[in-house]
Amino acid sequence: MIVYLNGEFLPLEEARVPVLDRGFIFGDGVYEVIPVYNGEIFKLAEHLQRLENSLNSIKLANPLIIKEWTEIFNTLVSRNNGGDCSIYLQITRGVAKRDHQFPEVVTPTIFVMSNPLNRVAVPAPIKAITCEDIRWKRCDIKSIALLPNILQRQAAVEAGATEAILIRDGFVTEGAASNVFIVENGVVITPPKNNFILPGITRDLVLEIMPSAKEENISEAQLRSADEIWVTSSTREILPVINLDNKPVGTGEVGAVWSQVLELYKNL
Ligand code: PDD
């Protein structure tokens, strides 16, 4: 696998970052995950805009312009045989003596890799658990510091599930690595964008293809009595959740509205 690190394309095994990188020491960095279908980067402008927002929030200037990012992504995709894949990019504040405050002079570290996406025509439904949302108040930043998300996802896996749905003060925020939708009496609902959720690009796409969907708070009780639950992300697209905390969601089968949204998404 060929990856990009600080201006160079090289084999993954040869890519090295100094131990004083602030990403390693502090988790001081941001990232993006961008899907590529058939060698074509999907929703690039939206992902680069979100990257810009994350960088602004942590007071780090974007080290590259759109044209440079696009060239790196296209080179990586073609050097890794194109097809369906996801691009992972991360920018950290760079290498400096360990000190919490920003270093005065520092060069950001830029790392990009691509991973194959194993897409299937009809994704298998999943089980989920609920977890308390123990994260901070800036979940809108796509920060590489993901310890709470890791603990929540691991709790799901240990319970025989695939995703954790997070609850903050009695309301659904999002998944450990996804956004959440419910269907209630035929109405599609997802929590509104705010500092407690990542503004998902897949979430925006679902709202675009289902204009009747609502952006409203979802209480824990609404989640538990929903007819359908879906989780969305760039790597997993739109997955139906048929079991929540070991209880069936709705009929316990894949829902009719999900089948509809999947078809609309594929047409994009
Ligand atoms: N994560 N919320 C969280 C906390 C996420 O980590 C993600 C995606 C999403 C969905 O966003 P999008 O539709 O733009 O992928 C929501 C990526 C895939 C990851 O960390 O691997």
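Summary of computed values
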| quantity | calculated |
| --- | --- |
| Any hit, the stretch 57-65, residues being among the polar types (S, T, N, Q), assigned to a strand (DSSP E or B) and under 30 Å from K137 (Cβ atoms) | no |
| Residues within the stretch 22-62 that are among the charged types (D, E, K, R) and either modelled with pLDDT under 95 or under 20 Å from S234 (Cα atoms) (or both), tallied | 6 |
| Residue match in the stretch 95-103 (condition: touching a helix residue (DSSP H, G or I) at 6+ places or on another chain (Cβ under 9 Å) and buried (at least 21 other Cβ atoms within 10 Å of the Cβ)) | no |
| Residue in the stretch 23-40 that is under 28 Å from K266 (Cα atoms), more than 16 Å from the ligand (Cβ to nearest atom), outside the structural domain of P199 (by TED's automatic domain parsing) and touching a residue at least 40 places away in the same chain (Cβ under 8 Å) present | yes |
| Condition met for V188 (more than 15 Å from the ligand (Cβ to nearest atom) and among the β-branched types (V, I, T)) | yes |
| Single unsatisfied condition, I134 versus (1) touching a residue at least 24 places away in the same chain (Cβ under 8 Å); (2) within 25 Å of V30 (Cβ to Cβ); (3) of a type in the set (A, V, I, L, M, F, W, C) | (1) |
| Residue that is surrounded by the most Cβ atoms within 10 Å (Cβ to Cβ) [pool: residues in the stretch 16-56 that are of a type in the set (G, A, S) and within 15 Å of T92 (Cα to Cα)] | G29 |
| Residue list for the stretch 91-138, filter: of a type outside the set (V, I, T) and in a strand (DSSP E or B) | F111, M113, S114, N115, P116, K127, A128, C131, E132 |
| Number of the exception - L166 against (1) under 27 Å from L264 (Cβ atoms); (2) touching a strand residue (DSSP E or B) at 6+ places or on another chain (Cβ under 7 Å); (3) touching a residue at least 40 places away in the same chain (Cβ under 8 Å) | (3) |
| Where D84 falls short, out of the listed (1) touching a residue at least 60 places away in the same chain (Cβ under 8 Å); (2) surrounded by 13 or more Cβ atoms within 10 Å (Cβ to Cβ) | (1) |
| Given (1) closer than 21 Å to I2 by Cβ; (2) in contact (Cβ under 8 Å) with a residue 40 or more places away in the chain, number of the condition T70 does not satisfy | (2) |
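The values are calculated or read from the model by the stated rules, or taken from the named source; none is laboratory data. Values in this document were obtained by computation on a predicted structure and should not be read as measured data. Cβ: placed from backbone, ideal geometry, glycine included. Neighbour counts: every protein chain shown.
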